[in-house]
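All remarks here apply to the structure that follows.
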């Protein structure tokens with residue numbers, strides 16, 4: 001049976017460059033490195049490994065890691081064996097049993113970000129200052145809500161991706177999403193209010209900068225894109241400016257606009273297909289988690 005040095009799996013994973021997103025590549029390396037560290041510490045063979053070793057690793061990880069993290073690390077170990085041309089030890093039924101033990105040991109649903117619904121959005125917008133930062137933040141909050149974007153999608157928007165329509169709204173091309181690895185993109189639309197907020201922002205910063213949203217330094221726009229972390233800070237700071245209780249404000253995150261908009265669409269009576277299209281979801285199971293905490297009484 002072929003045995004591999006500790007560095008061989010890293011070389012093998014380099015073959016995936018360009019076929020997977022940078023975030024996926026980072027996850028693969030992080031997860032296999034965790035397995036490598038555990039094998040060295042416990043005197044287990046890394047590659048090829050056995051079903052028994054993988055099960056022991058999964059259950060050890062399950063003591064202090066989320067079940068979703070443990071499952072992701074299993075997939076990374078599986079991918080490594082396939083890239084190395086080694087027999088896959090992860091298809092045995094014992095692996096499924098080990099995962100079930102990990103999940104049952106930590107019952108409960110994943111923590112969901114608090115939805116930034118329309119009522120909250122109005123308060124967030126009203127709390128923004130009448131400054132260039134306020135112009136940008138109002139446009140980002142309103143656009144992120146109506147497009148149901150993820151953080152990375154919002155900051156990746158370019159001026160060329162938006163198109164004014166005759167009715168005063170915007171047609172927006174969201175070019176790349178987490179579940180769109182080939183960059184086919186999806187089309188979304190805005191209200192006239194959001195279109196005006198975006199126009200106000202562009203009128204101040206000018207149209208010569210390619211990213212739709214950019215940093216502001218000493219009162220001047222900088223020609224580069226914002227980082228996804230900026231969206232999280234924007235929402236957190238927006239909650240504070242809106243005068244929310246700190247305990248309530250803490251539950252908002254950069255994902256809250258997407259969550260809140262989906263919940264609002266449910267309350268307004270849109271069916272699942274319409275909500276999935278609006279937010280670019282390909283899995284109804286994922287969408288159901290977003291809607292689980294919506295305040296929607298079907299008996300009213």
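Numbers at a glance
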item	result
Extension gain from residue 171 to residue 60, taking 0.36 nm per residue of separation minus the Cα-Cα distance	35.0 nm
Fewest-first ranking of 44, 255, using other Cβ atoms within 10 Å as the exposure measure	44, 255
Residue order, fewest to most surrounding Cβ atoms within 10 angstrom, among 282, 50	282, 50
Burial ranking of peptide ranges 92-99, 155-162, 136-143 (average Cβ count within 10 Å, highest at the top)	136-143, 155-162, 92-99
Contact order relative to length of region 8-105, as percent, for alpha carbon pairs under 8 angstrom and 6 or more apart	35
Percentage relative contact order, the chain, counting C-alpha pairs under 8 Å, at least six apart	18
Contour excess over end-to-end distance, with Cα ends at residue 131 and residue 119 and 0.36 nm allotted per residue	2.0 nm
Region 118-291: radius of gyration and largest Cα-Cα distance (Dmax), Å	15.5, 46
For 13, 47, 124, order by how many other beta-carbon atoms lie within 10 Å, fewest first	13, 47, 124
Förster radius 41 Å - calculated FRET efficiency between residue 203 and residue 237 (Cβ-Cβ, nearest 0.05)	0.95
Computed label-point distance, nm, for sites residue 106 and residue 41 using a 7 Å Cα→Cβ extension	1.5
Gain upon complete extension [residue 247, residue 52; 0.36 nm per residue less C-alpha separation]	65.7 nm
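The numbers here are math on the coordinates, done by the rules we state, and not lab data. Remember, predicted model here, so these are calculated numbers, not experimental data. Neighbour counts run over all protein chains shown; Cβ positions are idealised from the backbone, glycine included.
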